[in-house]
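Enquirer: To start, I am sharing the structure in question, which I have written as structure tokens.
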Amino acid sequence: MNAKTEAPSYNPNEIEAAARAYWTERDAYRVTEDASKPHFYACSMLPYPSGKLHMGHVRNYTINDMLARQLRMKGYNVLMPMGWDAFGLPAENAAMKGKVPPAQWTYANIAHMKGQMQAMGLAIDWSREVATCQPSYYKWNQWLFLKMLEAGIAERRTQVVNWDPVDQTVLANEQVIDGRGWRSGALVEKREIPGYYLKITQYAEELLSAVANPEDPNYLSGWPERVRLMQENWIGKSQGVRFAFPHTIEGGGGRLWVFTTRADTIMGVTFCAVAPEHPLATIAAKSKPDVAAFIEECKAGGTTEAELATQDKKGVPTGLFVTHPLTGAQVEVWVGNYVLMSYGDGAVMGVPAHDERDFAFANKYGLPIKQVIAVDDGDYNDKTWRESYGDKSKARCINSGVLDGLSHVEAVNKVAELLAAQGLGEKKTTWRLRDWGISRQRYWGTPIPIIHCDDCGVVPVPEKDLPVTLPEDLIPDGSGNPLNKHAGFLNVGCPKCGKPAKRETDTMDTFVDSSWYFMRYCDPTNDQAMVGAGTEYWMGADKANPGRVGMNQYIGGIEHAILHLLYARFWTKVMRDLKLVSVSEPFEKLLTQGMVLKGAFFHKPEGGGKDYYWDHEVDVIHDDKGGIAGATLKKDGTRLEYEMTTMSKSKNNGVDPQALIDQYGADTARLFVMFASPPEQTLEWNDAAVEGAHRFLKRVWNFGVRNAEAIQTGGTDFAALNGDGKTLRREVHNVLKQVSYDYERMQYNTVVSGAMKLLNALEGFKAEGQAAAVRDGFSVLLRVLYPATPHLSHTLWQDLGFAAELGDLLDAPWPTVDEAALVQDEIELMLQVNGKLRGSVKVPAGADKAAIEAAALANPEFAKFSEGKAPKKVVIVPGRLVNVVV
């Protein structure tokens, strides 16, 4: 760039294409293990290849990119990889709709999304790219599964699933709509079929400790508190009492077992509820048609705890009774749709006075409500629930005979003692966490490496025969898993006896794929081992990270805060126990970026729900302050409402990142999503702010062009600076000090505001002959901006000659704060006369009281406003003001 030639205008498309070509030609982002440098592993959660990036992706990956680029400038060996969570049901659905194999759809989407990521200028080492649908990847899913079988961590047992009798397939819970299959419309059945489970419950205590116990050496202090709490609640350690209600029901086993954390409320039991699959429910159904009908109705409902928590609580009496173990009273047994057979013993004691769910159930069906815990903040009300009714900390037993007056702990101990004396109960610890069922009756997933032989039974596939390769040319048609009809896949010889046998056609849950991909990035081409030296290097310790820490920084959405993270933690611990890795936790630090929000226009039709409309379909109505008050539909004038909500296709308020890049350039998109909000908070989309980000980048470009000669010739003779030159440099290094701190805490919105302050200072500098201050300031600005806007920063850095001195911006040293530049030769104090501000006075930074007083009295403003009166007193507030009293 030369000031004597015609100044080029800011053209982001040309600039960004040239910068990417430069980086590609030099393979700039390829990373290798280097023991001479401190390393840092920063990774975003891998995306599902749905076909297009959305703004949430742009935000996530830009956060990662800023972190990686700045750390590389600070001398770290930084790994930033990318891959694809490529198996799963959406590909099968798309295949049925488009009549193409899921593999074809998936690989086409990967190619398109990869191109979009490259257009964003992300510093991704694409040599480490993985797709979980590649045999070279899922071979190791299969291999570790076999190792888990050998270790007893994996086992085969039955599971309850949603079965579509028309399509002959198992349905996910979200595919069951009003009790019917989403595609066939057939009434869904609950079936118990064999499947494979991973015993995550064996690790429950260790998984809990790292999120709940700060004294644990593996405590995840670098995770958001709310994520630790979500994990803790999901694992759900409960300490209480397991006890039995005796009974004489024929075929019922003589005892109805329950578990409770509130044994102190045992005298308030007025009913018991069992799951629809419970043996007592089955017995009752034989003689009571209404119970049988209710059980059938329940089969059409959900199977997960989350679903049961939100659905309407329903029940039916069985006509059966059990005996209260302490009072001898007869307690009626109900079947409840909210009771899970897979949780505890599939039965609960109903204490409606002190449990909100039981309270609602009892009021619905007119069941007795008996208060047995005193309420400190008023009389008990059996029509209105209050949290205090079940508060352990306030518990004092009443109406409970021998328990009266006891606290929660005292009462629990007493109840356990009384039950144990009868052989009917004991203290016990239970867990909400359940073993992980990984069997999916799906085609597009990792084949489970099992062979079924009529003579030998269930036979693991020998390691030498891995991977069991999934045929990629099948097209699901909705009539069940196509693997069941694929003779080439299905028919195989038994590894033990050689006789004809059948392959397992279930495939693995896709959470398996995402539980260890971050380790495979470290050894992506190793065909001899699942992980190797690369994983030990990137996820182990070095001089900058003395502990065995796992990945340094993981970035992803809060929606993955439970299952994905929990399964990845479990998978890591299994790999540790099998001597594959040396870390116990996979992610040292976690950042959950906020959602991207945007305004949406909608109409509520009479039938309920919301119909959303695109911005171009509406005429906006503004309020007196210019805000959006609503809108009308252009085609017919229908009045619409307005809300700020999550950006999504379903709400017709999405913004296509590619369109944004085409219009403004990737740097503008990156700068906006970083400036608009702190990374962990929600971001509200604002078209005007996007344009503002673009204008700022044009200002940066234009400043570099206009001042090219001064920047190129400015040199580094800072000692020759005076006055405004020193002031500019002091301001630049003050901002740099704050920005460097903001980078350390990943507060990238204030990093961008710091860059804006730097440009304002540079644009406001008018002094001639002090080009060194301009060169230094612009050098700092480009390096501060570079992680956010790499294309523009790289281009100006090259064109203005900085690269010749400091090397490519990618590896240029992060600017250091010059403490000498922060020292002020002169300070400015406010001048007051009789307490009123009348001007200012400049004095040397080290001036004593006498010098400050003399300067104030010599100031023309003092002479003007003192009206010739002699000063009576001079008050000096150091560093701030001088007040002359006359």
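The values are calculated or read from the model by the stated rules, or taken from the named source; none is laboratory data. Keep in mind that what you see is a predicted model, and the values were worked out from it rather than measured. Neighbour counts are summed over all protein chains in view; Cβ atoms, including those assigned to glycine, are modelled from backbone coordinates with ideal geometry.
Enquirer: Where the second residue is basic (K, R) and assigned to a loop (DSSP other than H, G, I, E, B) and the first is at pLDDT 90 or above and lies in the stretch 607-627, which pairs have Cβ atoms under 7 Å and are six or more apart or on separate chains?
Expert: Correct list of pairs: K610/K604; E617/K634; V618/K634; D619/K634.
Enquirer: If I filter the stretch 347-362 for residues that are more than 42 Å from the chain's Cα centre (by Cα) and surrounded by fewer than 15 Cβ atoms within 10 Å (Cβ to Cβ), do I get at least one hit?
Expert: There is no residue in the stretch 347-362 that is more than 42 Å from the chain's Cα centre (by Cα) and surrounded by fewer than 15 Cβ atoms within 10 Å (Cβ to Cβ).
Enquirer: Could you check the stretch 436-542 for helices (runs of 4 or more DSSP H) lying wholly inside it with 2 or more residues that are under 30 Å from C43 (Cα atoms) and in contact (Cβ under 8 Å) with a residue 40 or more places away in the chain?
Expert: Those helices (runs of 4 or more DSSP H) span 510-513, 517-520, 533-539.
Enquirer: State whether the residues of the stretch 93-108 include one that is within 27 Å of the chain's Cα centre (by Cα) and closer than 26 Å to A676 by Cα.
Expert: no
Enquirer: Need pairs with beta-carbon distance below 6 Å; first residue within 21 Å of I63 (Cα to Cα) and among the acidic types (D, E) and within the stretch 108-135, second at pLDDT 95 or above and crowded, with 17+ Cβ neighbours inside 10 Å; sequence gap 6+ or separate chains.
Expert: D125/Y29; D125/V31; D125/P81; E129/G83
Enquirer: Considering the stretch 111-149 alone, what residues qualify as being under 30 Å from E463 (Cα atoms) and aliphatic (A, V, I, L, M)?
Expert: V130, A131, L144, L146, M148, L149
Enquirer: Just checking, how many residues over the stretch 713-733 are at pLDDT 95 or above and farther than 11 Å from L762 by Cα?
Expert: Number of matching residues: 1.
Enquirer: Which condition breaks for K97 when tested against (1) under 16 Å from D473 (Cα atoms); (2) in contact (Cβ under 8 Å) with a residue 40 or more places away in the chain; (3) of a type outside the set (V, I, T); (4) not in a loop (DSSP other than H, G, I, E, B)?
Expert: (2)
Enquirer: Do you know which residues across the stretch 687-737 are part of a loop (DSSP other than H, G, I, E, B) and either outside the structural domain of S793 (by TED's automatic domain parsing) or crowded, with 16+ Cβ neighbours inside 10 Å (or both)?
Expert: Answer for the stretch 687-737, where residues must be part of a loop (DSSP other than H, G, I, E, B) and either outside the structural domain of S793 (by TED's automatic domain parsing) or crowded, with 16+ Cβ neighbours inside 10 Å (or both): N707, G714, L721.
Enquirer: Only one of (1) surrounded by 20 or more Cβ atoms within 10 Å (Cβ to Cβ); (2) closer than 29 Å to P8 by Cβ; (3) among the hydroxyl-bearing types (S, T, Y); (4) within 31 Å of the chain's Cα centre (by Cα) fails for T795. Which number is that?
Expert: (4)
Enquirer: Is it true that A821 is over 30 Å from F672 (Cα atoms), small (G, A, S) and surrounded by fewer than 19 Cβ atoms within 10 Å (Cβ to Cβ)?
Expert: Considered against the rule, which asks whether it is over 30 Å from F672 (Cα atoms), small (G, A, S) and surrounded by fewer than 19 Cβ atoms within 10 Å (Cβ to Cβ), A821 comes out as no.
Enquirer: Among the residues of the stretch 642-659, are any assigned to a helix (DSSP H, G or I), crowded, with 20+ Cβ neighbours inside 10 Å and touching a residue at least 60 places away in the same chain (Cβ under 8 Å)?
Expert: yes
Enquirer: At pLDDT below 95, surrounded by 20 or more Cβ atoms within 10 Å (Cβ to Cβ) and closer than 28 Å to L660 by Cα: which single residue out of L671, L683 fits that description?
Expert: The match here is L683.
Enquirer: Among the residues in the stretch 773-793, are any part of a strand (DSSP E or B) and either at pLDDT below 95 or hydroxyl-bearing (S, T, Y) (or both)?
Expert: For the stretch 773-793, residues part of a strand (DSSP E or B) and either at pLDDT below 95 or hydroxyl-bearing (S, T, Y) (or both): absent.
Enquirer: Here is a follow-up. Hey, among the residues in the stretch 552-588 that are modelled with pLDDT of 95 or more and of a type in the set (D, E), which one's surrounded by the most Cβ atoms within 10 Å (Cβ to Cβ)?
Expert: My answer is E585.
Enquirer: So, one more: For the stretch 815-824, state whether one or more residues are in contact with a strand residue (DSSP E or B) (Cβ under 9 Å, 6 or more places away or on another chain) and over 30 Å from R72 (Cα atoms).
Expert: Taking every residue of the stretch 815-824 in turn, none turns out to be in contact with a strand residue (DSSP E or B) (Cβ under 9 Å, 6 or more places away or on another chain) and over 30 Å from R72 (Cα atoms).
Enquirer: Within the stretch 754-766, is there a residue that is in a helix (DSSP H, G or I) and either within 29 Å of the chain's Cα centre (by Cα) or modelled with pLDDT under 95 (or both)?
Expert: The answer is yes; a qualifying residue exists.
Enquirer: Examine the stretch 40-48 for a residue that is in contact with a Cys (Cβ under 9 Å, 6 or more places away or on another chain) and not in a helix (DSSP H, G or I), and state whether such a residue exists.
Expert: Checked against the condition, which is being in contact with a Cys (Cβ under 9 Å, 6 or more places away or on another chain) and not in a helix (DSSP H, G or I), the stretch 40-48 yields at least one hit.
Residue-by-condition table, conditions (1) buried (at least 22 other Cβ atoms within 10 Å of the Cβ); (2) touching a residue at least 24 places away in the same chain (Cβ under 8 Å):
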residue	(1), (2)
G51	no, yes
H57	no, yes
M66	yes, yes
R72	yes, yes
G75	no, yes
P81	yes, yes
W84	yes, yes
P90	no, yes
N93	no, no
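Yes/no matrix, rows are residues, columns are (1) over 26 Å from I15 (Cβ atoms); (2) of a type in the set (D, E, K, R):
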site	(1), (2)
M80	no, no
K97	yes, yes
A103	yes, no
K114	no, yes
R128	yes, yes
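Enquirer: Still on this structure: Looking for something under 21 Å from T645 (Cα atoms) and either free of Cβ contacts under 8 Å to residues at least 60 places away in the same chain or hydroxyl-bearing (S, T, Y) (or both) - is there at least one such residue anywhere in the stretch 689-703?
Expert: Within the stretch 689-703 (the criterion being under 21 Å from T645 (Cα atoms) and either free of Cβ contacts under 8 Å to residues at least 60 places away in the same chain or hydroxyl-bearing (S, T, Y) (or both)), the answer is yes, since at least one residue qualifies.
Enquirer: If a residue has to be in a strand (DSSP E or B) and at pLDDT below 80 to count, how many in the stretch 162-196 make the cut?
Expert: Matching residues across the stretch 162-196 total 6.
Enquirer: Count, please, the residues in the stretch 435-475 that happen to be touching a Leu at 6+ places or on another chain (Cβ under 8 Å) and acidic (D, E).
Expert: 2
Enquirer: Considering Y537, Y517, Y567, Y554, which residue is farther than 21 Å from R226 by Cα and under 17 Å from the mean Cα position of the chain (by Cα)?
Expert: Going through Y537, Y517, Y567, Y554 in turn, the sole match is Y517.
Enquirer: For the stretch 25-49, what are the residues that are surrounded by fewer than 15 Cβ atoms within 10 Å (Cβ to Cβ) and farther than 25 Å from D667 by Cβ?
Expert: Listed by number, the residues that qualify are T32, E33, D34, A35, S36.
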